[in-house]
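The structure under discussion appears below in the form of structure tokens.
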Amino acid sequence: MVKRRAFLGSIAAGLTIAGGTTAAEPLDSPRKRMAVITTEWRYHSHAWHMAERFLVGSSLPVTWRMPSIDLPYAAEVEEMVCVAMGAVDSYDFHALETIQCMAERRRGGETGVAAVQALRGEAVWTAMEAGGWDTGGWDARLVEACLCRSHTLAQPETFSDRHPTPSQIRAWVKSPVAYRLEYADGTKATMLLMNGLVGDFTFAARLKGEPEPLSSLFYLPPNPNVVYSAALVSKAEETFLTGKTPYPIERALLTTGLVEACVRSLGTGQKRIETPHLAIRYEAPRASTFAQL
């Protein structure tokens, strides 16, 4: 097993010899990706130890929230929704991380995802009109709760400051995408990519016994500061200082697997796909790990 110090020392030595990274990797080169390939993943396995040496994931779970709340630890969650912007196989990962950093705090811990279905275009509008999960859609109250938290919600030219109507949403969003997630413990979640309607990430959940949804904006401070990246870097620093990741690396294992499964669903007729390989179990820390003032 290569120790972290030796690994980083080798990287530094290589960069020194090569004179930096710009000669080998132009600034406009495609983004590189890294993966741990394994036939077995379990707690304290060899693959787990290899992956734990890197802090992985999106900045969305660690950025500021408005309001500054977390899912109550061990809450009984029935259904969740994230309304976001961006493209498939890129920003869908960030939206799934938004869902997962909340979902993993529910009662019983994380038990994995049993099946997914991805929808695009007209199929999304059909699902939205379906009226609920059991009829092929999702909880409309959770979508409304998300939109009420958005700082970028689109408005008509009259600037009426009203909640957009279904016809307005359809007119503004040219290519909607939805991922429907069925967790192994029965919890349901939906990710919506709604370019043209919002330019941020919001989350809402229906908790058992609660009359109103829990909802929050995952706030991304604008350019030029982009301090949500600093929030993520602070977690990387914590990893190096303590030798432990501040949140479970299994989260990214699950969310990257969800991206793959949902993109595959889109590419195979938007069919429901069972995901036994995503039976990933872990427990989240009780303490919140997002940025707070």
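The values are calculated or read from the model by the stated rules, or taken from the named source; none is laboratory data. From a predicted model like this one, the values you see are computed outputs, not experimental measurements. So basically every Cβ, Gly included, is an ideal-geometry build from the backbone, and we count neighbours across all protein chains shown.
Observations, loosely collected:
- Residue pairs whose Cβ atoms lie under 7 Å apart, separated by 6 or more positions or on different chains, with the first residue in the range 219-240 and of a type in the set (Gly, Ala, Ser) and the second part of a loop (DSSP other than H, G, I, E, B), are 229/59; 231/59; 231/63; 231/291; 236/55.
- Total residues in the range 219-233 satisfying the condition of being of a type in the set (Ser, Thr, Tyr) and at pLDDT below 90: the figure is 2.
- Identity of the residue in the range 198-228, part of a loop (DSSP other than H, G, I, E, B) and among the hydrophobic types (A, V, I, L, M, F, W, C), that ends up farthest from residue 69 (Cα to Cα): 226
- Per-region count, the range 246-284, residues farther than 30 Å from residue 117 by Cβ and either out of contact with any Asp or Glu (no Cβ under 6 Å at 6 or more places or on another chain) or modelled with pLDDT of 95 or more (or both): 0
- Residues located in the range 207-228, provided they are surrounded by 21 or more Cβ atoms within 10 Å (Cβ to Cβ) and of a type in the set (D, E, K, R): none
- Residue check for residue 121: at positive phi and buried (at least 18 other Cβ atoms within 10 Å of the Cβ): no
- Candidates are the residues of the range 75-93 that are touching a strand residue (DSSP E or B) at 6+ places or on another chain (Cβ under 7 Å) and not in a strand (DSSP E or B); the one that is nearest to residue 197 (Cα to Cα) is 85.
- Here residue 157 meets each of (1) among the acidic types (Asp, Glu); (2) touching a residue at least 40 places away in the same chain (Cβ under 8 Å); (3) within 23 Å of residue 125 (Cβ to Cβ) with one exception, condition (2).
- Filtered residues of the range 229-254 (kept if of a type in the set (Phe, Trp, Tyr) and either buried (at least 19 other Cβ atoms within 10 Å of the Cβ) or in a strand (DSSP E or B) (or both)): 247
- Checking 127, 123, 118 one by one, the residue that is hydrophobic (A, V, I, L, M, F, W, C) and assigned to a strand (DSSP E or B) is 118 and no other.
- Any hit, the range 192-201, residues being crowded, with 21+ Cβ neighbours inside 10 Å, in contact with an Asp or Glu (Cβ under 9 Å, 6 or more places away or on another chain), modelled with pLDDT of 95 or more and of a type outside the set (Lys, Arg): yes
- The residue that is farthest from residue 67 (Cα to Cα), among those in the range 124-163 that are surrounded by 19 or more Cβ atoms within 10 Å (Cβ to Cβ) and β-branched (Val, Ile, Thr), is 124.
- From 61, 72, residue being crowded, with 20+ Cβ neighbours inside 10 Å, more than 20 Å from residue 180 (Cβ to Cβ) and modelled with pLDDT of 95 or more: 61
- Flag for residue 207 being under 16 Å from the mean Cα position of the chain (by Cα) and touching a residue at least 60 places away in the same chain (Cβ under 8 Å): no
- Subset of the range 55-74 [under 20 Å from residue 291 (Cα atoms), outside any strand (DSSP E or B), of a type in the set (A, V, I, L, M, F, W, C) and out of contact with any Ser or Thr (no Cβ under 8 Å at 6 or more places or on another chain)]: 56, 71
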